[in-house]
Amino acid sequence: MIDVAALRSTPLDPVVAEELDRFEDAAARFVAGEMDDEAFRVFRLNQGVYGQRQGGHNQMLRVKVPHGRVTPEQLDMFGHVADEYSRGWGHLTTRQNVQFHFVQLERVGASLRDLAAAGLTSREACGDTVRNVAGCHLAGACPFEVLDITPWARATTDLFLRNPLAQRLPRKFKINFSGCATDCGQAMFNDVGVIGVTQPRPDGTVEAGFRVFFAGGLGANPHPAQALEEFTSREDLLPTIEAILRVQDHYGNRDNKLRARMKWLVDTMGVEELRERIVKERRFLVASATYPGGLPAPVVAEGDAPAGMATRPDEGTPVQLSGVDPYRAWEAANVVRGRANGTVSAYAHCRLGDITSDQFRGLADLQRELGSDLRITNRQNLVFRDLTEEQLPRLYDRLAALQMASPGAELARDVVACPGADTCNLAVTQSRGLADDIDRALEDSGLADVGGVRVNISGCTNSCGQHHISDIGFFGLERRSHGRPAPGYQMLLGGHVGQMAVEFGNKAAKLPAKTASAAVVRVVSRFADERAAGETFQGWLDRSGGAATVGEGLRDLDVFPDPDEAPDFYVDFDETGPYEAEVGRGECVT
């Protein structure tokens, strides 16, 4: 276990120490009424601190974990922060951050100092900044990758963290990396998405590099990312990313936050002109005193050789778990093997993305014992990497003791949800409560082990739960029936990301919150019964007539009974009183 007292006695980096001194001074002046709310709001958001729905001095603290890579010491620190400053648990996000809720403003500074002692920061985890740089959680262990994007994601993090260019952008700016076209890192709906590719050289050899995409985004109006060029060399990658950032800084809308993300420049400027401005910016960036060209230090030091190519990225067989003993079921669903280089990786299932302080510490001990690499995934799980076959049974037993060995990562039971109305000012529904209900319904119906289908939920239209790119997606909305407000959801079907393309889900049905789980069970059951061997959810959906046609079969579930007969339809999950859509000022708009 980490020795917090010893860490606290170690001097912090002077830059970090000064930054935290300034934050604590600003917080003290705000509490004393000497700093206005607007100025302090920008200050705390840039430090990764959000206000919560509960008001007062309750804060959500978002800790950045670049490309999801976490050490045992950092896991121990998460356990400490959860107990000392929060409520005994933390939450993994779809962008590989760790969040802690109900941290009191007066204690935020102390928590940030403890985190900094373990090499962690919340700097620019929020606000109009370059956010946490996300990357494929199997980078360096994936059998299909062209390049290991790990050192590239680290170099990009280093380039923009505390960089003056990244502090006061028109809106937040998100960068994602994937090592191959499978796009497990979700590059195709971000401001910058980077995917490893190859191109032939004149001498017949193959050069590894990147295809860079720009101006993607989710939110209430999703936009697919656009390709900048066919091939970007390794030497040109960081200048290219910086050029895209500079174009957004120059031309992004600073008068209307709702249209300030880079995706809106595609609509107002046109993709061709936007592309030309990025290329021009890169051309003259060489004159900058801080030109980031050439191979960055992390790549030179660590290399970026791929784990080893398999024959093709669509190889694989459907997971069959019925009648299998618990260990074999877990191995079949949660273990990933590199066919070419013999790597072994295994998922730990974090239900609803939540981890208790005891689980954080148990994971830290397990990571030390196994000598493994550990990364947060964008489906709110963890993956142990660099394992041996002999370590798998021990890993399973230890995860089972931590209640993290469900054979659920990437299966139907692995429901992703944003925090929703638990803590978010913008949410209109309890998305976590629905996720829990869907999980229960799938277990009860024997469908939780169905592979090839993913469920994502957001508590509003802003897509923090990434409902647009999931096979089955939901976003919360207010419904009215019998003169009463009631919690409801819009169901989307058919979203997916991969092969350097993104498909956003289409509307299928509006539903009361209390029948949404029944709708999921019905759709997953149809998919499991009707799919052909190896058929994807998208393929089955297209063959079945699309989202609207499948949604027609759910119409009987869009019924609100009389409030006197079924009062629970007018009370949201995890609530005790009548439903009311309370929307505060947004701080976490996607």
Likely footprinting exposure, HIS223, HIS468, fewest C-beta neighbours within 10 Å first: HIS223, HIS468
Treat each spin label as a single point 7 Å out from the Cα along the C-beta direction, and report the ALA39 to ARG168 distance in nm. 1.3
Computed lengthening from ALA5 to GLU273, 0.36 nm per intervening residue step minus Cα-Cα distance: 91.0 nm
For GLN499, what residues show an amide H to amide H distance below 5 Å, using hydrogens built from the backbone and excluding near sequence neighbours? THR182, ASP183
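Just the number, please: Stokes-Einstein D of region 4-117 in µm²/s, Kirkwood Rh from C-alpha pairs, 10 °C, 1.306 mPa s.
Here the translational diffusion coefficient equals 108 µm²/s.
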Summed side-chain charge close to ASP556 - residues other than ASP556 whose Cβ falls under 15 Å, Lys, Arg +1, Asp, Glu -1: +3
Diffing region 347-364: the Karplus 3J(HN,Hα) column from phi (6.51, -1.76, 1.60, θ = phi - 60°), in whole Hz with x for Gly and Pro, holds 7, 9, 8, 10, 4, 6, x, 9, 9, 7, 4, 5, 5, 4, 5, x, 5, 4
What is the gain in length, in nm to one decimal, between GLU443 and GLU580 on full extension, counting 0.36 nm per residue of separation less the C-alpha to C-alpha distance? 46.3 nm
Go through 41-51, 493-503, 539-549 and give me the packing order, highest mean Cβ count within 10 Å leading. 41-51, 493-503, 539-549
Expressed as a percent, the portion of alpha-carbon pairs in region 416-570 spaced more than 19 Å apart is 52
With a point put 7 Å past each Cα toward its Cβ, work out how far HIS250 is from GLU389 in nm, to one decimal. 5.6
Skipping prolines and chain starts, which residues have an amide H placed within reach, meaning under 5 Å, of the one on MET491, given they are 5 or more residues away or on another chain? ALA508, ALA509, LYS510, LEU511
Just one of [x] 70, 67, 53; [y] 79, 54, 42; [z] 88, 57, 42 is Cα extents along the principal axes in Å as worked out from the coordinates here. Which one is it? [x]
In nanometres, what is the gap between the two model label sites at GLU302 and PHE284, each 7 Å from Cα along Cα-to-Cβ? 3.5
Sequence-separation-based contact order of region 416-570, relative, with Cα cut under 8 Å and 6+ spacing, percent: 19
How much length is gained on full extension from LEU295 to ASP358, taking 0.36 nm per residue of separation minus their Cα-Cα distance? 18.6 nm
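How large is the convex hull of the C-alpha atoms of region 142-302 per residue, in Å³?
Values: hull volume 19.7 nm³, N = 161.
Spelled out: Cα convex hull of region 142-302, divided by residues, is 123 Å³.
No lab work stands behind these numbers, since they all come straight from the coordinates. Bear in mind the structure is a predicted one, so any value in this text is a computation, not a measurement. All Cβ positions, even for glycine, are placed from backbone atoms using ideal geometry, and neighbour counts span all protein chains on display.
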